[in-house]
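Everything on this sheet refers to the single structure shown next.
The values are calculated or read from the model by the stated rules, or taken from the named source; none is laboratory data. Since the model is a prediction, treat every value here as computed from it, not as a measurement. Here Cβ is always computed from backbone atoms with ideal geometry, including for glycine, and neighbour counts include all displayed protein chains. We work out accessible area using only protein heavy atoms, side chains counted, and drop any ligands, DNA or RNA first. Shrake-Rupley method; radii C 1.70, N 1.55, O 1.52, S 1.80 Å.
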Amino acid sequence: MKLWGGRFESGPSEVFERFSASLDFDRRLLDADIRGSQAFARALERARILTAEEREKIVAAFDEIRADAARPDFFEGASDEDVHTLVIRKLKERAGAVADKIHTGRSRNEQVSLDMRMWLREECGDLQTLLCGVMGRLLGLAQKNAGAVVPGYTHLRRAQAVLWAHYLLSYFEMFVRDWERFEAARRHANVLPLGSGALAGSGFPFDREALAKDLGFEEISRNSMDVAGDRDFALDFLYACTVTMIHLSRLAEDWILYSSEEFGWLELGDGVTSGSSLMPQKKNPDSLELIRGKSGRVMGCLTSLLVTMKGLPMTYNRDMQEDKVPLFEAADEVSGSLVMMATVMDSATLNPAAPAAAAAESWVVATDLAEALARAGTPFHQAHQIVGRFVLESVRQGKKPGDWTAEEMQRFAPEFTADLVALLDPKEGIKSREIPGGTGYLAVASALARAREVLGKLSV
C-alpha cells in the first residue's frame, strides 16, 4: 500500500523500494504515530470531515492496532515503506473504507515530525530520570566520605587538596546542566506541527490549538515552511546527548585512573569489571571503558545529522529520513551508559587513605602557604617566589611537607611564622577555602545540602 501513486504510470523499482524503506528503524515510532492519528481523527470530526461514528470506528481500530503491536510477530512479513504506511494499511484492514479519510489535509511530512517530537519529548524525560539516578548516587558517595581529602589535578599533576565530596559535586553540577539541556530539547520539540500540511499549511480549518491540547503540546508552530524543514529539535537532543556522554566519559576516565594500581583510590565491584583471557591477575574496568568508547558513537550521531542538514534547501527533503538512526542510536547509548554508570557507582568503594597519602606526600599545600604569606602582608608575587624556592629545596633534600619543623621553615625564610607549619597538613589549607563554591568543609556541607534540594526539584 502506498500513500501516493496516482501521478505515476508504474511503481518504484525493487532497488529503490529496498533503498528507501525505513520500517526497520522507524517502527519504534508506532505508538506515537497511533496516538497522533487518533488525535487527528478527532480533529477531522471537529472539522466535519468525519462523523462521530466514523471517528469512533477509526479510534477503536487504532486501539486494536496498538494492542496487536505488543505481539512479538507484529512486524513479521511486513513490507511497508515505513511505519506510517504500515499503520494506515492495518487501519484499513480493521476499519474498512473510512480509513481512506484519515489522511485528509495531512501530509506525511508533518506526520513524521509529529511522531518524532512526541517520541523525543518522552525520551528526554526518561533520560532526565536516569540522570537524576546518577546524581543521587554521586550525593550518596559524597555523603559517605564527606571528610575524605584527595589531590585535585590540573594537567594531570597534583595541584591542590580538595574534599572528595567537592570533587563529586563537580560532576553533579555537570549532570544538572545536562538535565537542563534535555529540558530545553524537550521544550523545543514540544511544538505541534499538525496543520502545516506539506509546507503551505492545511487547506482544512483544523483547530490547531485544540489539537495541541489533545496531544499535550505547549504551543503550535508559527510557520508551515519552517516546521516542514525543521530538525533543530533533533539536533538539540543530540547535542544534549553528546555533552552528557562527554561528562560520563570524563568521569569514566577519572575512575579508570583512580581504580588503577598506580592510584589505588577506588575499588570497583566484580560485577562491573572483567578479567583477561591470558593474564589471571587482571581486573579490568571494562564498563567504564565502554562508556568512554560509546561517547564517540554519540558524537558521531550529532555530526551525522549536522552534516545531513547543512545544505538542504527549504523545506522537506528525503535526506531528512536519515535523522532517525542517529537519534535512536544516541538515545539508546546515553540511556545504557547512564544505567551502567549508576551500577558502577553502586559497586565503587573509596579507600580514603590512599588519596590522603598522595595529598600529604606531594606539594598540594604550596598555594596554601603562599596565600597565608599574602594574608600576612607579603606581596603575592614575592610569596609565590618564596614558596617556590621552598618546594625546590624540599625536592633537593627529598623532604615531604610533613618532614619540616617550624624552626627549619623559619631558618629557610623569616616570612614563615611558626603558625604556618600547620598548613603543611592539607586538611588545614582546606579550611581557608570557605568561599561559596570552594572546597572548605562548611562550604561543601552547604553545597551538598543545596544539591539535595536541587535534585529533589529535578526528580519531581
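At-a-glance table
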read-out: Options [x] 139; [y] 184; [z] 205 - which one matches volume of the Cα convex hull per residue in Å³ as calculated here; value: [z]
read-out: Value of [θ]222 nm, deg cm²/dmol, for the chain, DSSP H segments ≥ 4, -39500 (n - 2.57) each, nearest 500; value: -19500 deg cm²/dmol
read-out: Within the range 368-427: Cβ-based charge dipole about Cα centre, in debye rounded to nearest 20 (Lys, Arg +1; Asp, Glu -1); value: 180 debye
read-out: Whole-angstrom gap from the range 77-131 to the range 339-369, using each part's C-alpha centre; value: 50 Å
read-out: About the Cα centre, charge dipole magnitude for the range 290-403 (Lys/Arg +1, Asp/Glu -1 at Cβ), debye; value: 320 debye
read-out: Antiparallel bridges, percent of DSSP beta bridges restricted to the chain (to nearest 5); value: 80 percent
read-out: Residue-level accessible surface for Phe16, protein heavy atoms, 1.4 Å, Å²; value: 100 Å²
read-out: Three-way shape label, the range 314-460, alpha-carbon gyration tensor, a/c 1.5; value: prolate
read-out: Furthest towards positive pole of dipole, Gln38, Gly195, Ile435, structure part the chain, Cβ charges; value: Ile435
read-out: Local net charge near Leu268, Cβ-Cβ under 12 Å (Lys/Arg +1, Asp/Glu -1); value: -4
read-out: Only Lys, Arg (+1) and Asp, Glu (-1) charged, at Cβ; the chain dipole about Cα centre in debye; value: 540 debye
read-out: List Lys431, Lys144, Lys92, ordered by accessible area with a 1.4 Å probe, largest first; value: Lys144, Lys431, Lys92
read-out: Accessible area of Cys241 in the full protein assembly, 1.4 Å probe (Å², nearest 10); value: 0 Å²
read-out: By accessible area with a 1.4 Å probe, ligands and nucleic acids excluded, highest first: order of Leu257, Leu50; value: Leu257, Leu50
read-out: Sequence-separation-based contact order of the chain, relative, with Cα cut under 8 Å and 6+ spacing, percent; value: 16 percent
read-out: Lys/Arg +1, Asp/Glu -1 at C-beta; the range 286-441 dipole; positive extreme among Ala422, Ser304, Met409; value: Ser304
read-out: With DNA, RNA and ligands ignored, accessible area of Ser362 (1.4 Å probe; Å², nearest 10); value: 10 Å²
read-out: The range 395-452-the range 219-273 distance, computed between alpha-carbon centres (Å); value: 36 Å
read-out: Which of Leu23, Ala228, Gly133, positive extreme of dipole for the chain (C-beta unit charges); value: Ala228
read-out: Radius 12 Å from Cβ of Leu350, net charge of other residues (Lys, Arg +1; Asp, Glu -1); value: 0
read-out: Accessible area, probe 1.4 Å, largest first, for residues Met174, Met225; value: Met225, Met174
read-out: 16 Å reach of a label modelled at Gln281, 7 Å along Cα-to-Cβ, counting backbone N of the range 238-274; value: 260-264
